[in-house]
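For reference, the structure is listed below as C-alpha cells.
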Amino acid sequence: MRVMPGLKHRGLYRVSLQLMLVLVALSFLMLNLYYFVTGYGGDILHTVTVVPLALAILSLDRALKTTSRVLSIVNLVLALASLFVAFYLRLNFYDLLIYRLVHTYFDLFVALLLMLIALWVIWGTYRVVFILIIVLMIYSVYGKYLPDPLFHPGVSWTRVLTGLTIEFEVGIFGPLAKLGATLLAAVFLVTTIAFVFRVPESIIKIFLYIVGGRRYLIPYTSVGSSTLIAMSTGSAAANVAITGQFTIPLMIKSGLKREIAASIEATASTASLITPPIMGIAAFLIAGSLGVHYWEVALRGFYMALIFYAVLSYSLLIIILMMMRNAPSTEMVGGKSTELGEVAGRPGLVDVARVALFIGLLVYLVYALGVLWWSVPRASYTGLMIFLPAFVVLELLAVKGTIKLKLESVARLLYDYIVAYAREASNVIVLLACLGVVVGVFTLTGWVLRLFSLLIGVGAENIVLLLILAYVVGLILGMGLPPTGTYVILGVLTLPALVQLGVDPWIAHFFAFYIATLGEVTPPVAPALVVGAQIAKSDLFRTGFVAIRLLAPLFLFAFAVIQRGSFILDPMPRTEVLLDLLYLLVGLLSLSTALFAPFTNSRVLDVILRGATLILGLTLALGIIKDNNATAIATVALLTVILITTYKLIRSLPRPQ
C-alpha cells in the first residue's frame, strides 16, 4: 500500500516532536536529580536553568497535542527559543547576577523573549493569570496617571522587563519559582510513580469490592478512595479525573442526580489539598514563607483533613438517609449491584500488591519527613530509588508473555514516567513563575506598601472586618484563579496586615490556605467541579451550587481556625487541642444537621429548631461562648441533637422486603 507523501512527512514530524520531548524531559529529570543529590550551583542557578526548560517541555507537549499545524509549528519554535534562553542564561549567569551593571541589547532581547514565551504558555492554561500579568504590567508603567490610592510614580518598560526576568530577584525567577524548581519538582518524583503504574485504578477496584455492591455506600467509595489517593497527589482535579470516572457513573446509576454525584466527588477530592503527607502546592509555600520544615505544615494538615472528612462524611450520611427514606427502593436499601464489577473489575493480586507498595511509599515519606526530618528533596529522591525499581519488578511479574513483551511494557511505563514527571512538574513551575511576575509587579511599584497601610487602618478599627474582607477577596479570587494563585495573592495583599495586627503567622497562613482551597469548588474556574461536571454531564453552575451547599459548614472553618486554632499553633496532642477539635467537630456537625436533616413534621417548629441549632452550632464552632461550663453544656446539647436526629432518620428507613 502506497503512503501519501503528506502523511509520511506528518508522521515523521510527529515522531521528531516525541523524540525532542522525551530528550528534553529526560534532561529535565536528570538535571533535577543531580541538583537534589548534590545541590550544585545553588537554588538560583538551578531555577534559572529549569524554568526555561519547563517552558520548552510545555510548548513541545502542546505542539504534539494540537490539531492545528500552524499552532504546532509555533509551539515548536517557542520550545526551541526556550532552550536557547536556558542555554544563554546559564552561560551568562554570573555576569548577569554579579558583574554586569548595564544590560546589553541582547540581554533585553532574551528578557523580552522569555517574557513572551511565559505569557504564551500561561495563556493556554490559566488565562486569568495571563490577564492579571498584562493589566499589572501596564499599571506598573502608567500608574502615575491614576488617582489615589492607585497612584505610584511609575517605572519604565525596560525596568519592568529586566526586573521581572534577568535580575533573578523577583518575577519569573523569584522566590515562588525557586520553591517550584527546588521543592515541588522533587515531590513529583514520587507522586508520578502512583499515576504511571496505575495505583489509583487498583485503589478504586479494592474500594468497590469492599463496598460489595451496596448502592448506598457508593458515595463513601468516592470519599474513601479520594482520601487514600489524596495522600500522594495534592491535586483535586487529578483526584476527580481518576476516581470520578468510576464513582460518578455508579452514583448516578444508584439513583443520585448528576449534579449531586459530581459535587460529591469534587468535594471529596478537594480535601486532597489539605491531606498529608503530600498536600497542595500552597502548603509548601507556607513552609517556605515561614522558614520551617514542610513536615511542620503537614502535621497541622492532619487535623484539618480529619475535620474536613468527618464533616463531609456526616453530611453525606444525612443526604443518603434522606434519599433512602424519601425514595425507598429494595436495591437502595439492601440490594446488590452487578455494575460495580462491570465498571471497575474485580481486584487481583497485582492490584493488592500495587496498593501495598503505594502504602509503603506513603509510610516511607512519613518516616523520612516526620521521624528523620529529612528535607523534601532527599525524602523524594530516596523514595524514587527504592520504590520505582519495586514497581518495575511488579510490572515484570504482572505482564504475561515473553521476556520481550515484559521489557516493552516496562520501557513504555518508564517513558510515560519521564514525560509525565516533566509535564506535571513543569506545569507547577511555570504557574509559580508567572505568579511570581504578579508578586514582582507589586514589589516594583511599591503599591503593596500603600495597601498594607490601608489595611492596617481598617484592622485597627475592627480586625473582624479585616478578616471578613480577606475572606471575601479570597473567595472572589478563587472564582478565577487556581488555589495556589489565590493563596499567593492573599499572602501579598492581606497576610502582612493580619500578622501586624496580632494574628499568629501560622493562623494567618492557614486562614489564607483554607480559603484558597475552597476555590476548587467555587465556579466559574473550579477545576475539580469542571472535571466532575464533564464526567457526569451535568450543568457546571448547578453542580457548583450543590457542592457549596454540601460544604456550607466547612466554609466557616476558616473563621473557626482563628478562635479554635490551638492545633495549628502547636499540633502536639494535649488537652487544649483535643477540646478545640471536639468543639469544632460538634459545632460543624450540628450545622450539617440543621442544614440537611428534618427535625419534626411541623414546619414552624422545624424552622425554630433548625434556627436554634444553627445559632448554637455557630457560637460553639467560632468560639463565641467563652465560659467553659456554658461551652460544655452547649457541646452536650448539640451532640444530643446530632445523635437523636441521626437515629430518627435511621429508624424511619423502610425495611427491605
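When segment 625-636 is filtered for residues that are open to solvent by less than 10 Å² (accessible area, probe 1.4 Å) and free of Cβ contacts under 8 Å to residues at least 24 places away in the same chain, only Ala634 remains. Listed by first and then second residue, the pairs linking a residue in segment 160-178 that is more than 14 Å from Phe93 (Cβ to Cβ) to a residue that is among the β-branched types (Val, Ile, Thr) and open to solvent by 10 Å² or more (accessible area, probe 1.4 Å), with Cβ atoms under 6 Å apart and 6 or more places separating them unless they lie on different chains, are Val170/Thr443.
Ile507 satisfies every condition listed in (1) buried (at least 24 other Cβ atoms within 10 Å of the Cβ); (2) more than 23 Å from Ile260 (Cα to Cα) except (1). Here is the figure for segment 210-225: residues that are modelled with pLDDT under 75 and either under 16 Å from the mean Cα position of the chain (by Cα) or surrounded by fewer than 21 Cβ atoms within 10 Å (Cβ to Cβ) (or both) total 5. In segment 115-142, the residues that are touching a residue at least 12 places away in the same chain (Cβ under 8 Å) and open to solvent by 30 Å² or more (accessible area, probe 1.4 Å) form Cβ pairs under 6 Å with partners that are aliphatic (A, V, I, L, M) and assigned to a loop (DSSP other than H, G, I, E, B), at six or more places apart or across chains, as follows: Val128/Leu481. Is at least one residue of segment 243-258 open to solvent by less than 10 Å² (accessible area, probe 1.4 Å) and within 30 Å of Gly491 (Cα to Cα)? No, every residue in segment 243-258 fails to be open to solvent by less than 10 Å² (accessible area, probe 1.4 Å) and within 30 Å of Gly491 (Cα to Cα). Report yes if some residue within segment 485-500 is of a type in the set (Phe, Trp, Tyr), within 24 Å of Asp570 (Cα to Cα) and surrounded by fewer than 24 Cβ atoms within 10 Å (Cβ to Cβ); otherwise report no. No, there is no match, as no residue in segment 485-500 is of a type in the set (Phe, Trp, Tyr), within 24 Å of Asp570 (Cα to Cα) and surrounded by fewer than 24 Cβ atoms within 10 Å (Cβ to Cβ).
Applying the selection to segment 48-74, what residues are among the polar types (S, T, N, Q) and modelled with pLDDT of 95 or more? Those that are among the polar types (S, T, N, Q) and modelled with pLDDT of 95 or more: Thr49, Ser59. Scanning segment 590-622 for residues that are under 26 Å from Val297 (Cβ atoms) and assigned to a helix (DSSP H, G or I) yields one hit, Ala621.
Candidates in segment 274-293 are the residues that are open to solvent by less than 10 Å² (accessible area, probe 1.4 Å) and in a helix (DSSP H, G or I); of these, the one that is farthest from Val376 (Cα to Cα) is Ile274. Can you name every residue in segment 93-109 that is under 22 Å from Ile57 (Cα atoms) and open to solvent by less than 90 Å² (accessible area, probe 1.4 Å)? Listed by number, the list holds a single entry, Phe93.
Filtered by the rule that a residue be touching a helix residue (DSSP H, G or I) at 6+ places or on another chain (Cβ under 8 Å) and either assigned to a loop (DSSP other than H, G, I, E, B) or hydrophobic (A, V, I, L, M, F, W, C) (or both), segment 147-158 gives Pro149, Leu150, Phe151, His152, Pro153, Gly154, Val155, Ser156, Trp157. Among the residues of segment 601-624, the ones that are exposed (fewer than 13 other Cβ atoms within 10 Å of the Cβ) and of a type in the set (Lys, Arg) come to 1 in all.
The values are calculated or read from the model by the stated rules, or taken from the named source; none is laboratory data. The structure presented is a predicted model; accordingly, all values stated were derived computationally and were not measured. Quick reminder, even Gly has a Cβ in these numbers, built from the backbone with ideal geometry, and neighbours come from all protein chains shown. Note: accessible area is taken over every heavy atom of the protein model, side chains too, but ligands, DNA and RNA are not part of it. Shrake-Rupley method; radii C 1.70, N 1.55, O 1.52, S 1.80 Å.
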